[in-house]
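Reviewing the structure listed below.
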Amino acid sequence: MSDLLERLRGRGWRMTAQRRVVAEVLDGEHVHLTADEVLTRAAVRLPEISRATVYNTLGELVSLGEVSEVATDGRAKRYDPNAHRPHHHLVCSRCDAIRDVHPGGDLLADLPATERFGFTVHEAEVTYRGLCPDCTRT
């Protein structure tokens, strides 16, 4: 489970009702919602929340480094609250379901010097693609 709410409280982030609801919707494991999905779920809890408030809050959470934006194949950005634990993503090619994965090894160390082309590499992102169990059955 993500600890987004605890991290935000620890930072002294001003927790309005709207911000709290957005953070609650995002908090959890394997959460990768679009802004519209966040809005839909937040509106169930707080019907008066506006689209602008959701988008502004997501932007602020990304700027704070508390939530990461995840883009897959030019589709809508998704928001990942698991921003403080390095991980990769497993994406279903059919339904776009996303799961966090934590494989072993050091991707930076695995990149040979001959393949770095003079770059000083400080980060690696990996996206695994395939079919989720639900899509495999259909």
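Within the range 1-31, list the residues whose amide N lies under 17 Å from a label point set 7 Å along Cα→Cβ of Glu60. Taking a point 7 Å out along Cα→Cβ of Glu60, the residues of the range 1-31 whose backbone N falls under 17 Å are 4-27. Between Arg85 and His122, the contour length at 0.36 nm per residue exceeds the alpha carbon distance by 11.8 nm. For the chain, the Cβ-based charge dipole about the Cα centre amounts to some 420 debye (Lys, Arg positive; Asp, Glu negative; other atoms uncharged).
Under the simplified labelling scheme, the Leu131-Ala17 pair shows an inter-label distance of 4.7 nm, with each label point 7 Å from Cα along Cα→Cβ.
Oblate is the label for the chain. Its Cα gyration tensor axes, ordered a ≥ b ≥ c, give a/c of at least 1.5 and b/c at or above a/b.
What does the C-alpha gyration tensor say about the overall shape of the range 88-137? Classify as rounded when a/c is under 1.5, otherwise prolate if a/b is larger than b/c, or oblate.
Values: a/c = 3.44, a/b = 2.81, b/c = 1.22.
Prolate is the answer for the range 88-137, as a/c is 1.5 or above and a/b outweighs b/c.
Ellipticity at 222 nm from helices only: DSSP H runs of n ≥ 4 in the chain, each -39500 (n - 2.57), divided by the residue count, give -10000 deg cm²/dmol.
Please give the FRET efficiency for Glu69 paired with Thr138, using the beta carbon to beta carbon distance and R0 = 25 Å, rounded to the nearest 0.05.
Details: r = 29 Å, r/R0 = 1.17.
Step by step, r from the Cβ atoms, then E = 0.30.
The calculated FRET efficiency for Ala43 paired with Leu108, based on their beta-carbon distance and R0 = 35 Å, is about 0.25.
No value in this document is a laboratory result; all are computed from the given coordinates. Note that this is a predicted model, so its numbers are computed, not measured. Cβ sites come from the backbone with ideal geometry, for glycine too, and all protein chains shown count toward neighbours.
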